[in-house]
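The values are calculated or read from the model by the stated rules, or taken from the named source; none is laboratory data. None of these values were measured; they are calculated from a predicted model. A quick note on method: Cβ atoms are made from the backbone with ideal geometry, for glycine too, and the neighbour counts reach across all protein chains shown. These area figures cover heavy atoms from the full protein model, side chains too; ligands, DNA and RNA do not enter into them. Shrake-Rupley method; radii C 1.70, N 1.55, O 1.52, S 1.80 Å.
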Amino acid sequence: MQAAARHVWRFSAVALALTALSLAPGRAASPKLIAIVKPAVAAAVVNFRPLHTSRSATNHYDYIQYATTSAFARICRYCTVTDAFAGPKNPERWMLGWDWYYHGKQWTPGAIATDAAATLGPVLKGYKLARSMDGARYVLDWEGPDKTWVYLETNDPEVDDPGFHINVGHDVAKPINVIKTPPFTAVQRSDITTALTSYLKLGLTDAPNNFTSMRGAAEDPKLFKADHFEPYHCAVSFAPGMDDCGITGLLNYSAAKWMLEAQTIAIGGTPEQARAFVHALVVAALPYGYTVESDPIRLMNADYEWNGPSDISISYNSSVTEGKTSFRFTIWHFLRQ
């Protein structure tokens, strides 16, 4: 089984021509669900050729998404067909996916998984079913003949209505499309340069004051408990080059501190190019008096850390997802006990 490698394929943003096709309210498991799954399973081995048109959207380096035919759209108006390019760990995968919602509070993720398994079982004769959990989500992964499969993941009850997302898929034996390195554009360079330079200047200046002038509203008053964990939104923005900005006070610890955190947008090019670009920006922006931390125990998961005056430090770590690199920055102000 390959459940661990087959995550649900959802697009948060797709070309406008196809965006409306990828999001849809469905209904509780019923003959209408079977009416969608049957032709999808039958067409999977030929990459859903009978079910999609040539109208497509793509980012040109890791997927192509197709609109379905008008005949199939009458059965599943919001279904989409996606060609997900092959990567180092995954084959090229064709998938037909859609969202399906249940009505009523009685539909817990467990009840939905049980109902979906019972409904789809007769349609998927010859498929081997594996069940697992992914946090609060239930996962049903059917492995079929000729590298076909069906992957269903229930919604997280904390963030979505009762239901699931389902992909019917086919793994291509010999890939035609392989993930390309996304471009590192001039716009990305400009946005990140402006954002990171501003983040370092404002953050290092306000760090001795525990980022008081940069604090916005408290994230959630319920989080202000006896352990003195104090999270705030940022009152300033570093968009579009950096986002997810937050300020946190960890005040009831042996190393009490305030932190200013933000993350860069995903950067194209090779990881080596992205890391060299960001490192050069930091070195150029750091004021006098900061020294590089060389102790691997202190560094932990950070790519780099610099220690400066007034018990201030700055560190960042990088991560690579789908060929793009992003960086998580933290400016620390350690409080003397």
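Assorted remarks:
- Here the chain exposes an accessible surface that is 56 percent carbon and sulfur, computed with a 1.4 Å probe and the other protein chains kept in place.
- The stretch 214-337: C-alpha pair distances exceeding 23 Å, %: 38 percent
- Candidate lysines - alpha carbon under 22 Å from Lys147, same-chain residues fewer than 8 apart omitted: Lys38, Lys89, Lys125, Lys128, Lys174
- Relative contact order computed over the chain (Cα-Cα under 8 Å; 6+ residues apart), in percent: 13 percent
- Contour minus Cα-Cα distance for Ser319 and Leu286 (0.36 nm per residue): 9.6 nm
- Among Arg74, Arg275, Arg189, residue whose mean-square fluctuation peaks in a GNM of the chain (springs only between Cα atoms under 10 Å): Arg74
- Percentage of interatomic Cα-Cα distances in the stretch 281-331 larger than 15 Å: 48 percent
- Here the stretch 142-299 is treated as a sphere whose radius is the Kirkwood value from Cα pairs; by Stokes-Einstein at 25 °C and 0.890 mPa s it diffuses with a coefficient of 123 µm²/s.
- For the chain, accessible area per residue (1.4 Å probe, heavy atoms of protein chains only), Å²: 51 Å²
- Straight-line cross-link reach from Lys105 at under 27 Å between alpha-carbon atoms covers these lysines, not counting any fewer than eight positions away in the same chain: Lys32, Lys222.
- The angle separating the long axis of helix 31-44 from the principal Cα axis of greatest extent in the chain is about 90 degrees.
- With helices as the sole contributors, the chain gives -7000 deg cm²/dmol at 222 nm; each DSSP H run of n ≥ 4 counts as -39500 (n - 2.57), and the sum is divided by every residue.
- Label-to-label distance, nm, for residues given as Asp115 and Phe334 (7 Å Cα→Cβ offset): 5.5 nm
- Over every Cα atom in the stretch 99-234, the radius of gyration and the widest Cα-Cα span, Dmax, amount to 23.8, 65 Å.
- The value obtained for the chain, namely the Cα convex hull volume divided by the number of residues, is 169 Å³ per residue.
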